Amino acid sequence: MTMSEFVNILTEERQGILYLTINREDKLNAMNLATLAELRSVFDQVMDNKAIKAVILTGAGEKAFVAGADITEIASLNEVNARKFAESGQEIFAMIENCHKPVIAVTNGYTLGGGCELCMTCDMIVASETAKFGQPEIKIGVMPGAGGTQRLTRAVGKALAMEMVLTGKFISADEALAAGLINRVVPVELYMNEALK
């Protein structure tokens, strides 16, 4: 699958940087199987493309970076396919985490569940003042399934990670910065420029 064939992801390469946008704004950029497959394809191509020096990853619109997994799709899956969804997410997130080129997450609005897990796979996280981070899976009776229990604990420490995972608590961009989860908080109109710097 070439990048021009993607349905759920927009890509643009400029001056050695691949701008990758999860483009499901009407669903708050929630991850589904098709989006995960497109992410895998993008990062397969990034690894082999010498012209791409770095990736900036963001979500479409003002409301969300990625507001988690697409719950309506997951609810329709049987046990085997639900396991496949979780394992696929884990594999792709590990691929991003192990990418030998810098990957910078640029977050705005809701950065929840799989979205929080996705940004934690990146090398740096730049957040707008509107960003809210959380692992609210407990509210629907599941656990963070794409590495959130491990990456969040490493990023913010056991106390805050347990509170976020066990209560579904959201934290603001300023709280995320103070906890060591992200690198920068900037006004919403500047956050993409900050990532580019």
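The values are calculated or read from the model by the stated rules, or taken from the named source; none is laboratory data. Everything numeric here is computed off the predicted structure, so don't read it as measured data. Because the Cβ atoms are built from the backbone with ideal geometry, glycine has one as well, and the counts that use them run over all protein chains shown. We work out accessible area using only protein heavy atoms, side chains counted, and drop any ligands, DNA or RNA first. Shrake-Rupley method; radii C 1.70, N 1.55, O 1.52, S 1.80 Å.
Remarks
- Where GluC sites (Glu not before Pro) in DSSP loops with at most 11 other Cβ within 10 Å are excluded, longest remaining stretch of the chain: 63-188
- Whole-percent carbon and sulfur share, accessible surface of the chain, 1.4 Å: 54 percent
- Computing Rg/Rh (Cα atoms, Kirkwood Rh) for the structure here picks out one of (i) 0.97; (ii) 0.94; (iii) 1.22, namely (ii).
- Using a cut-off of 18 Å between Cα atoms, the listed pairs K53/K101; K139/K169; K84/K132; K63/K197; K63/K132 include K84/K132; K63/K197 as exceeding that distance.
- Within segment 47-155, the trypsin sites (Lys or Arg not before Pro) that combine a DSSP coil assignment with at most 16 other C-beta atoms in a 10 angstrom radius are K50, K53, K63.
- Whole-number accessible area per residue in Å² for segment 1-125, which is evaluated in the context of all protein chains at 1.4 Å: 46 Å²
- Kyte-Doolittle mean at least -1.0 and Cα axial length at least 18 Å: DSSP H helices in the chain: 33-48, 79-97
- Cα centroid of segment 1-67 to Cα centroid of segment 97-112, whole Å: 11 Å
- Whether segment 76-131 is rounded, prolate or oblate, judged on the alpha carbon gyration tensor where a/c under 1.5 counts as rounded: oblate
- Helix-only [θ]222 nm of the chain, DSSP H runs n ≥ 4, -39500 (n - 2.57) each, per residue, nearest 500: -11500 deg cm²/dmol
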